[in-house]
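Enquirer: Here it is: the structure, laid out below.
The values are calculated or read from the model by the stated rules, or taken from the named source; none is laboratory data. Remember, it's a predicted structure, so these values are computed and weren't measured experimentally. Cβ sites come from the backbone with ideal geometry, for glycine too, and all protein chains shown count toward neighbours. Just so you know, the surface numbers come from the protein's heavy atoms only, side chains and all, with ligands and any DNA or RNA stripped out. Shrake-Rupley method; radii C 1.70, N 1.55, O 1.52, S 1.80 Å.
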Amino acid sequence: MGMADVQENGHGELGLSDFPLGSKNKYKRMVSELTDYDGDDDPSHHHHQMERRRKSTRKYVFGCAVFASLNNVLLGYDVGVMSGAILFIQEDLKITEVQQEVLVGVLSIISLLGSLAGGRTSDAIGRKWTMGLAAVIFQIGAAVMTVAPSFEILMVGRILAGVGIGFGVMIAPVYIAEISPTVARGSLTSFPEIFINLGILLGYVSNYAFSGLSAHISWRIMLAVGILPSVFIGVALFIIPESPRWLVLQNRVDEARSVLMKTNENESEVEERLAEIQLAAGSTNTDKYEEKPVWRELLTPSPALRRMLITGIGIQCFQQITGIDATVYYSPAIFKAAGIEDESKLLAATVAVGVSKTAFILIAIILIDKVGRKPLLYVSTIGMTTCLFGVGITLILLKQGSISIALAILFVCGNVAFFSVGIGPVCWVLTSEIFPLRLRAQASGLGAVGNRMCSGLIAMSFLSVSRAITVGGTFLIFSVISALSVAFVYKHVPETKGKSLEQIELLFQDEYVLQGGEVQLGDVEHLVQK
């Protein structure tokens, strides 16, 4: 069921040649509409209405993106807080090093089950209520962890929290991509990554704030604070709309139209956008009651879908196997290896890592829809390769002392900054953009599974590997993997800036487009004719 089928379905009502192909002509049309009114000495009533509508639309979509991203605060908080809490858990429950690795890493492994189930769940009950389900499961897990008297009960809570996080991480970017107007989709779909960073920073601050309490109490309070964001998610569910694309899949076209009226700045484009979505949905509605075709298609993909899966799952795996979670979870261990002894100084240094990670994500938000996805990925992967290499060389060649401490902090903060400027947010944006509507939720779920699996693998093996080949040696391996990610971006990632979700599908129809940088209108028309 490749694009060819969608084209066949569409020829009767709306052919692909009717799409506003290429990012340019659509915006020219919008701009010309505006300048017609701007040219008057006395601005017309219509112009004021358009301005008012544009502002209210932007606020509405912004609010939806913020609420949808709240689940990601939970993931970030858990990652950040565990880096400090584990010190106190180890002291209180007397757990072994292997148990520490399992406790830290199991969240990622289990969250992949949530991500895997999340695609099917969101196709069944909707994007919005999947977010609610994620929050409830996480709350139960966090509550169990807070009162856990033993390592076994702590693991039960951690597993529940992991399932909740898996649901939330997978669904937020898909939901935001589906409700966002094309012109701002990159920035808005980066919100979940901002909120992960915000969560990590809150986790670090929580570590620092509660580290003065007794070992028995401190880690419990640190974990309990993580319940708070999920309360807001409950409120959000009564405010945000369902995804218009999911509504079309359910044949609820009128509801989809009313959501598009609220989320599109230009009212005249609503019907055009709705027609695009209905065309992209193609014969999905006839297959909807039967889930097997989606999985059969993912397991035996067409050449175009195979290219999408390589891009989507590949970028998600590279995001994690370059060692970002190891850097964040074990930053105290890295700084200890560089020579910082004092515990409160260790936690203060990790707060600096959190601040770098959060500050630089804001730069990505500003640039992602201006310079595009691919340039940011190049800057990010090349910068990370350099910083990871720097950490490795510093820890291997320099003796512990003030110079090695300063360089370690500089390179670790540089690594998380480059991560946040590119591959951190862009990977989620890409996975939510590139798949066809009928496969989007479940294919994005597969991408999130790859992400969580690599995250768990790194988090659970870091201490063992660094004992075998030193912390510095481990970071040199990360730098080699990061160098490979630069080549992957060049070969497999197309530029998706300024294209509607339905147009992006066309980019994967022909392999040469993926390496062609910016795809012009003529290129896409050529593909459609093919």
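Enquirer: Looking at the structure I just gave you, is S380 surrounded by fewer than 24 Cβ atoms within 10 Å (Cβ to Cβ), in a helix (DSSP H, G or I) and of a type in the set (G, A, S)?
Expert: In short, no.
Enquirer: Another one. Inspect region 356-369 for any residue being in contact with a Lys or Arg (Cβ under 7 Å, 6 or more places away or on another chain) and either under 30 Å from G498 (Cα atoms) or at pLDDT 85 or above (or both) and give the result as yes or no.
Expert: yes
Enquirer: Select, from M1, M82, M30, M50, the only residue that is open to solvent by 20 Å² or more (accessible area, probe 1.4 Å) and at pLDDT 50 or above.
Expert: Residue meeting the stated conditions: M50.
Enquirer: Got at least one residue in region 391-402 being under 22 Å from N197 (Cα atoms) and at pLDDT 85 or above?
Expert: So far as region 391-402 goes, yes, one or more of its residues are under 22 Å from N197 (Cα atoms) and at pLDDT 85 or above.
Enquirer: Something else now. I'd like the full set of residues that are in a helix (DSSP H, G or I) and among the aromatic types (F, W, Y), limited to region 223-242.
Expert: F232, the sole residue that qualifies.
Enquirer: Something else now. Only residues in region 215-238 that are in contact (Cβ under 8 Å) with a residue 24 or more places away in the chain count as the first member; pair them with residues that are among the polar types (S, T, N, Q) and open to solvent by less than 20 Å² (accessible area, probe 1.4 Å), Cβ under 7 angstrom, at least 6 apart or cross-chain, and list the lot.
Expert: M222/S206; M222/N207; V225/S206; I233/N71
Enquirer: Restricting the search to region 331-355, which residues are open to solvent by less than 20 Å² (accessible area, probe 1.4 Å) and either closer than 18 Å to S206 by Cα or among the charged types (D, E, K, R) (or both)?
Expert: If the condition is that a residue be open to solvent by less than 20 Å² (accessible area, probe 1.4 Å) and either closer than 18 Å to S206 by Cα or among the charged types (D, E, K, R) (or both), then S331, P332, L346, L347, A349, T350, V353, G354 are the ones that fit.
One line per residue, one yes/no per condition, for (1) within 26 Å of the chain's Cα centre (by Cα); (2) modelled with pLDDT under 75; (3) more than 20 Å from L398 (Cβ to Cβ):
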site	(1), (2), (3)
N285	no, yes, yes
P303	yes, no, yes
I310	yes, no, yes
C317	yes, no, yes
I324	yes, no, yes
K345	no, no, no
